Amino acid sequence: MNLDAYKGIIFDMDGTLVDSMPAHLKAWEQTCAIHEIPFDETWFYSLGGMPTVKTAQEINRRFKQNFDVNRLAETKCKFFDEIEFKGEIIESSYNVLLAHKVDKKIAVGTGCRRFNAEPLLTDTGILPMLDALVTADDVVNHKPNPDTFLEAAKRIGIEPKDCIVFEDTELGKTAALAAGMDCIMVIDGELEGLYKA
């Protein structure tokens with residue numbers, strides 16, 4: 001893969017660099033069981049990249065409910081924290097990071113809260129290789145808005161047009177393209193397709 005055209009690489013985390021989506025889905029499944037919410041794995045996966053509290057808001061919208069979104073989010077986070085093994089690195093995208101950590105600026109732009117993101121990136125050895133980490137705590141408007149990736153580009157000092165994003169969800173791809181960045185999708189652990197901004 002030739003990335004010579006770019007000065008910065010921004011990775012999503014869950015499902016892109018780390019195979020942690022199954023752990024997130026398990027935590028949501030347990031949360032749904034408690035609150036008698038139908039669990040649709042495909043739908044929950046499609047919301048990957050969205051902060052937990054925003055996912056809770058989407059649950060209310062989809063099922064026409066009035067759950068306390070903070071309570072739902074806290075329950076999901078509790079279940080997620082209790083999962084001991086949260087996922088391995090995804091080799092295809094991790095190898096891109098390793099290949100370019102010297103010649104390009106590297107950032108992660110995630111919909112996770114910082115208190116979830118930092119331990120996962122530390123456990124996988126990724127955090128020390130990053131020039132910047134942008135989490136749900138660092139922006140107001142989350143994916144599919146471009147703010148996460150624009151903030152990441154700002155923090156690594158690279159113009160958006162000179163950055164490429166690696167993502168695994170449509171929400172993330174939409175955010176990358178809206179930021180004026182090209183995007184490579186990571187589907188089932190494989191790099192599939194370049195989408196031009």
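The values are calculated or read from the model by the stated rules, or taken from the named source; none is laboratory data. Since we're looking at a predicted model, the values are computed, not measured. Cβ: placed from backbone, ideal geometry, glycine included. Neighbour counts: every protein chain shown.
For this structure, a couple of remarks:
- The range 167-182 - residue that is crowded, with 24+ Cβ neighbours inside 10 Å and not small (G, A, S) and, of those, nearest to T110 (Cα to Cα): E167
- Residue within the range 102-124 that is surrounded by fewer than 19 Cβ atoms within 10 Å (Cβ to Cβ) and within 20 Å of L171 (Cα to Cα) present: yes
- Any chance G172 is modelled with pLDDT of 95 or more, assigned by TED's automatic domain parsing to the domain that holds R113 and on the phi > 0 side of the Ramachandran plot: no
- Filtered residues of the range 46-61 (kept if among the aliphatic types (A, V, I, L, M) and in contact (Cβ under 8 Å) with a residue 60 or more places away in the chain): L47, M50
- The residues in the range 147-163 that are within 15 Å of the chain's Cα centre (by Cα) and buried (at least 22 other Cβ atoms within 10 Å of the Cβ) can be counted, and the count is 4.
- Under the condition of being in contact with an Asp or Glu (Cβ under 9 Å, 6 or more places away or on another chain), closer than 13 Å to I10 by Cβ and of a type in the set (V, I, T), the residues counted in the range 140-172 number 4.
- Some residue of the range 14-23 being surrounded by fewer than 19 Cβ atoms within 10 Å (Cβ to Cβ), free of Cβ contacts under 8 Å to residues at least 24 places away in the same chain and of a type outside the set (D, E, K, R): no
- Matching option when the condition is outside any loop (DSSP other than H, G, I, E, B), surrounded by fewer than 20 Cβ atoms within 10 Å (Cβ to Cβ) and without any contact (Cβ under 8 Å) to a residue 60 or more places away in the chain, among W43, W28: W43
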